[in-house]
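A.B. asks: Shown below is the structure under consideration.
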Amino acid sequence: MAIYAVGDVQGCFDDLREKLDECEFNPNKDKLYLTGDLVARGPKSLKTLRYLFSIRDSIITVLGNHDLHLLALAHNKEHRRNFGVSEDFQKILGAKDKIDLLEWLIHQPLMHYDLMQDTILCHAGVYPLWSLKKAFKCAQEVEYALSKEKKRQKYFASMYGNQPNLWNENLEGDERLRFITNAFTRMRYISKTARLDLKFKGQPRRKPRTLLAWFDYPNRKLSDTKIVFGHWAALGHFKKDNIHCIDSGCVWGNELTLIKLAD
Ligand SMILES: [Mn+2]
C-alpha cells in the first residue's frame, strides 16, 4: 500500500486521472489524500466529484474554500442570487446524483491527522497559535455545525466574511465558526500579532513587510508536525522544514502536484 497526496484539483479531472495513472494508483490497495478544493474553476468539477465519490473508501480529503462555497450555494438561495452560480457549479447543482455527492462532500473534515506519518492534511494551513489538540477541536466544531440540516443553514448564512481576524478562546457562535473556517480554508498570511490577512494572495517575496506566511510565525505550535496543504497557488509546490504546499495551480494551466507520502 502506498499513500499519495494530491493538491487542489479544482475540477481538473483529466489532470487528476493522468497523475493517478502515472503512479499506477490502485484504489483497491493505495490511499489518496487530497488537500481539498476538489471543485471550482476547472472544467470538470462534476466529473471530479463523481470519480472521487466512486473511490471514496480509498481517499481522504479535507474541505477547501471552494468546496464550502459550492455547499453554501446548494444550501442557501440568497447566496445563489448574490454570488451567481458558475456553469460548472450549475452542472453539479442540477445533477441527478447531487444529493449523494454533496452529502458526501459536506461530511468531509477540515483537517485529517495521520498518526503513523505524524502528518496533518488540511486545505490552507493550521493557525500558528493552535496545538494539535486545539486544531482538532476547532475543526470538529465546524464539522459538527455542518453535520445537521438545521445547523447548516445557520452556518452557511454567516460563513462569509473576513472578521474576526484574531483568535480568542472566548469567540462564540457564528464568529467563532467563521474564524476557524477562514483559518483552515483561506489563510495564507498573518500579521506579526497573528491576525489573519485574507486579502494579500501573492508570493512571499512580494508580501508587505507587515505580513508573514502563516508557517513563518515565530514559535508556531505545530512546527514539529508535518503539514501538507494546498490553497496557495502563488506559493506553488513548496517545501520547507515540515511544511509542504502541494497546490501548484493546476487550474491555472500548471501541472497538478502528486507526491508519495508513504510506501
Ligand atoms: Mn482554496
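The values are calculated or read from the model by the stated rules, or taken from the named source; none is laboratory data. Predicted, not measured: the structure shown is a model, and the values here were computed from it. A quick note on method: Cβ atoms are made from the backbone with ideal geometry, for glycine too, and the neighbour counts reach across all protein chains shown.
A.B. asks: Whether any residue in region 116-128 is modelled with pLDDT of 95 or more, closer than 25 Å to Ser58 by Cα and in a helix (DSSP H, G or I) is what I want to check.
C.D. replies: no
A.B. asks: Related question: So which of Lys199, Lys133 is of a type in the set (D, E, K, R), within 16 Å of the ligand (Cβ to nearest atom) and over 17 Å from the mean Cα position of the chain (by Cα)?
C.D. replies: On the way: Lys133 fails: within 16 Å of the ligand (Cβ to nearest atom).
Exactly one residue qualifies, and that residue is Lys199.
A.B. asks: Select from region 76-115 the residues that are out of contact with any helix residue (DSSP H, G or I) (no Cβ under 9 Å at 6 or more places or on another chain), among the acidic types (Asp, Glu) and not in a helix (DSSP H, G or I) and list them in ascending order.
C.D. replies: Within region 76-115, just Asp114 meets the criteria.
A.B. asks: Hey, any hits in region 86-99 for a residue that's within 16 Å of the ligand (Cβ to nearest atom), on the phi < 0 side of the Ramachandran plot and surrounded by fewer than 16 Cβ atoms within 10 Å (Cβ to Cβ)?
C.D. replies: No, region 86-99 contains no residue that is within 16 Å of the ligand (Cβ to nearest atom), on the phi < 0 side of the Ramachandran plot and surrounded by fewer than 16 Cβ atoms within 10 Å (Cβ to Cβ).
A.B. asks: Checking Leu73 against (1) within 16 Å of the ligand (Cβ to nearest atom); (2) closer than 25 Å to Val228 by Cα, which single condition isn't satisfied?
C.D. replies: All conditions are met except number (2).
A.B. asks: Do you know which residues across region 26-54 are of a type in the set (A, V, I, L, M, F, W, C), away from the ligand (no atom under 16 Å from the Cβ) and assigned to a loop (DSSP other than H, G, I, E, B)?
C.D. replies: none
A.B. asks: Sticking with this one: Out of (1) free of Cβ contacts under 8 Å to residues at least 60 places away in the same chain; (2) in contact with a strand residue (DSSP E or B) (Cβ under 7 Å, 6 or more places away or on another chain), the odd one out for Phe215 is which?
C.D. replies: Tallying (1) free of Cβ contacts under 8 Å to residues at least 60 places away in the same chain; (2) in contact with a strand residue (DSSP E or B) (Cβ under 7 Å, 6 or more places away or on another chain), Phe215 fails exactly one: (1).
A.B. asks: Further question on the same structure: Inspect all residues belonging to region 187-194 and state whether any of them is surrounded by 15 or more Cβ atoms within 10 Å (Cβ to Cβ), out of contact with any Lys or Arg (no Cβ under 7 Å at 6 or more places or on another chain), among the β-branched types (Val, Ile, Thr) and closer than 25 Å to Ser223 by Cα. Walk me through how you get there before you give the answer.
C.D. replies: As a first pass, look at region 187-194 and keep what is surrounded by 15 or more Cβ atoms within 10 Å (Cβ to Cβ): 187-191, 194.
Those left that are additionally out of contact with any Lys or Arg (no Cβ under 7 Å at 6 or more places or on another chain): 187, 190-191, 194.
With the extra rule that they be among the β-branched types (Val, Ile, Thr), the set shrinks to 190.
From what's left, closer than 25 Å to Ser223 by Cα: 190.
The answer is yes, given that some residue of region 187-194 is surrounded by 15 or more Cβ atoms within 10 Å (Cβ to Cβ), out of contact with any Lys or Arg (no Cβ under 7 Å at 6 or more places or on another chain), among the β-branched types (Val, Ile, Thr) and closer than 25 Å to Ser223 by Cα.
A.B. asks: Those residues that are more than 17 Å from Ile3 (Cα to Cα) and modelled with pLDDT of 90 or more, I need them from region 247-263; list them, please.
C.D. replies: Asp247
A.B. asks: Residue by residue through region 53-73, note down the ones that are free of Cβ contacts under 8 Å to residues at least 40 places away in the same chain and closer than 24 Å to Ala2 by Cα.
C.D. replies: Correct list: Ser54, Ile55, Asp57, Ser58, Ile59.
A.B. asks: Turning to a different aspect of this structure: Please name all residue pairs, on different chains or six or more residues apart, with Cβ atoms under 9 Å, provided the first residue is in region 230-251 and is at positive phi and the second residue is within 12 Å of the ligand (Cβ to nearest atom) and among the aliphatic types (A, V, I, L, M).
C.D. replies: His231/Ala124; His231/Met187; Gly249/Ala233; Gly249/Ala234
A.B. asks: Which of the residues spanning region 210-221 are on the phi < 0 side of the Ramachandran plot and out of contact with any helix residue (DSSP H, G or I) (no Cβ under 6 Å at 6 or more places or on another chain)? Steps first, answer last, please.
C.D. replies: Taking region 210-221 and keeping what is on the phi < 0 side of the Ramachandran plot, we get 210-218, 220-221.
Selection gives Thr210, Leu211, Leu212, Trp214, Phe215, Asp216, Tyr217, Pro218, Arg220, Lys221.
A.B. asks: Oh, and also: Out of the residues in region 100-129 that are within 16 Å of the ligand (Cβ to nearest atom) and aliphatic (A, V, I, L, M), state the one that is nearest to Val6 (Cα to Cα).
C.D. replies: Ranking the qualifying residues of region 100-129, first place goes to Leu121.
A.B. asks: Additional query: Only one residue in Leu261, Leu196 is hydrophobic (A, V, I, L, M, F, W, C) and in contact with a helix residue (DSSP H, G or I) (Cβ under 9 Å, 6 or more places away or on another chain). Which one?
C.D. replies: Within the list Leu261, Leu196, the selection yields Leu196.
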